[in-house]
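Single-structure report; data block below.
The values are calculated or read from the model by the stated rules, or taken from the named source; none is laboratory data. As the structure is a computational prediction, the values presented were derived from the model and not from experiment. Note that we place each Cβ from the backbone using ideal geometry, even for glycine, and neighbour counts take in every protein chain shown.
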Amino acid sequence: MMLLAVGLNHNTAPVQIRERVAFAPDRLPHVLHELTDNKQVSEAAILSTCNRTEMLCNIEGNDSTIVIDWFSQFHNLRSEELEPYLYTYPELQAVKHLLRVASGLDSMILGEPQILGQLKDAYVAAKEAGTLGKLLNRLFEHTFSVAKQVRTDTAIGASPVSVAFAAISLAKQIFAGLEKHTALLIGAGETIELAARHLRQNGIGRIIVANRTLARAENLVKEINGMAITLSEIPEYLADADIVISSTASQLPILGKGAVERAIKKRKHQPILMVDIAVPRDIEPEVGDLNDIYLYTVDDLREIIDEGLKSRQEAAQQAEEIIDTQAAHFMGWLRSLSAVSTIRTYRENTARIRDEEVRKATRLLEAGHDPREVVQHLAHTLTNKIIHKPSACMRRAGFEGRDEFLQAARELLGVKKNDLDN
């Protein structure tokens, strides 16, 4: 068996590739079952966000192409199209990678906390789908514990930096002040909620939240004193928006070029800042070609985000040290599993010898033999049978000059050097 992580992220693949291989949340159970239908994949979990798509698997053997080929075929891509953007991490590397992801060290925004919640969602999805076994379940539990330790023991999350924060920073650069402006937020997830809070804190004049489910939008605007609309109502309010931030799980664009052109005309060509955080994208790329439209994707926010990272670098180094230690601890547990079956078999064999000798001793006692002699015979026979095999192996190792084996045997049996001299 081999632990394996395969995926791509914002560092290895542009948004055009990431949006082609994203998994919709409602399809995850089906996807996980399809992946584990392969007899060589015994366990699997999938993390799919706007910045990454990753598969964590427990596979038979050490051939990572099993997962890569499935990934390519599922998305109707040739392997050669996808492989340049993929990373493959086996065993210890996979553990370290997952710990770094959970701790926010592999995120576009160093130390951002959202990814941990997304990872917990991936864990729940895999658990409910029944595709987690002993190894991955233990790894996820360990990961969540380590991420908590990193947050507690370092200042990795001290600075208020996130994709949402970066989007609002961009808006503040483009508009002199936000007090007289209107923001249209599309979606009602965590990123949009964060954006709404940042906008409110920066004195935005008006917030409109559009969502497929009106009730969810209404719940959000209660906290920020905004207005809730459905996605179908966006064309009616788009011309009012100076700032548009979109982050939904839609597989198709929410805003097309035509709708934006009509809004610009109605606004008499007053500019609109549009930030598309979604993957797949919510706003058609062609919208960026329009005059008076400033369209940014998650990749475009990188420079803004980098400005907020300096204070987190020292904390990140401390986090890396924690992760190195904790990854080694997990691998120690994993290696110990190989000893479990050996220990169990050894105990069973020894118990079988014990039971056999006890039965013989019981028959002798029932036949009237001297109890003292029976006990002495039992102890002598039991000792000889238990030490026979180890003794024979050590004699053969000594004959063959296998000093390392003998040293290991002394450690295993608790034989000290002083005992050898006597």
Would you please list the contacts, defined by Cβ atoms under 6 Å and residues six or more apart or on different chains, that run from a residue in region 145-160 that is modelled with pLDDT of 90 or more to a residue that is small (Gly, Ala, Ser) and surrounded by 17 or more Cβ atoms within 10 Å (Cβ to Cβ)?
ALA147/ALA102; ALA147/SER103; VAL150/SER103; VAL150/ALA319; ARG151/GLY157; THR154/ALA315; THR154/ALA319
What are the pairs with Cβ atoms under 8 angstrom where one residue, in region 208-222, is assigned by TED's automatic domain parsing to the domain that holds GLU190 and of a type in the set (Ser, Thr, Tyr) and the other, located anywhere, is modelled with pLDDT under 95 and surrounded by 14 or more Cβ atoms within 10 Å (Cβ to Cβ)? Sequence gap at least six, or different chains.
THR213/ALA188
Would you check which residues across region 64-112 are free of Cβ contacts under 8 Å to residues at least 24 places away in the same chain and of a type in the set (S, T, N, Q) and list them?
THR65, SER72, GLN73, ASN76, SER79
Within the bounds of region 268-277, is there any residue that is in contact (Cβ under 8 Å) with a residue 60 or more places away in the chain and either under 17 Å from ARG212 (Cβ atoms) or not assigned by TED's automatic domain parsing to the domain that holds ALA183 (or both)?
yes
Of all residues in region 154-189, count the ones that are acidic (Asp, Glu) and under 27 Å from GLU314 (Cβ atoms).
0
Just checking, how many residues over region 89-125 are modelled with pLDDT under 95 and among the hydroxyl-bearing types (Ser, Thr, Tyr)?
1
Condition first: within 30 Å of ARG151 (Cα to Cα), touching a Phe, Trp or Tyr at 6+ places or on another chain (Cβ under 9 Å) and either charged (D, E, K, R) or in a helix (DSSP H, G or I) (or both). Can you find one or more residues in region 273-292 that meet it?
yes
Is one or more of the residues making up region 215-228 closer than 25 Å to GLU19 by Cβ and of a type in the set (D, E, K, R)?
yes
Positions within region 197-218 being outside any strand (DSSP E or B) and under 24 Å from GLN251 (Cβ atoms), in sequence order
ARG212, THR213, LEU214, ALA215, ARG216, ALA217
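I'm trying to understand the selection: among the residues of region 38-56, which are touching a residue at least 60 places away in the same chain (Cβ under 8 Å) and in contact with a strand residue (DSSP E or B) (Cβ under 7 Å, 6 or more places away or on another chain)? Quick ask: steps written out before the conclusion?
At the first step, the residues of region 38-56 found to be touching a residue at least 60 places away in the same chain (Cβ under 8 Å) are 42-51, 56.
SER42, GLU43, ALA44, ALA45, ILE46, LEU47, ASN51, LEU56 - these are the residues of region 38-56 that are touching a residue at least 60 places away in the same chain (Cβ under 8 Å) and in contact with a strand residue (DSSP E or B) (Cβ under 7 Å, 6 or more places away or on another chain).
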Out of the helices (runs of 4 or more DSSP H) lying entirely within region 1-118, which hold 1 or more residues that are among the polar types (S, T, N, Q) and either touching a Lys or Arg at 6+ places or on another chain (Cβ under 6 Å) or under 24 Å from ALA328 (Cβ atoms) (or both)?
91-102
Condition first: free of Cβ contacts under 8 Å to residues at least 24 places away in the same chain, basic (Lys, Arg), outside the structural domain of ARG100 (by TED's automatic domain parsing) and outside any helix (DSSP H, G or I). Can you find one or more residues in region 395-416 that meet it?
yes
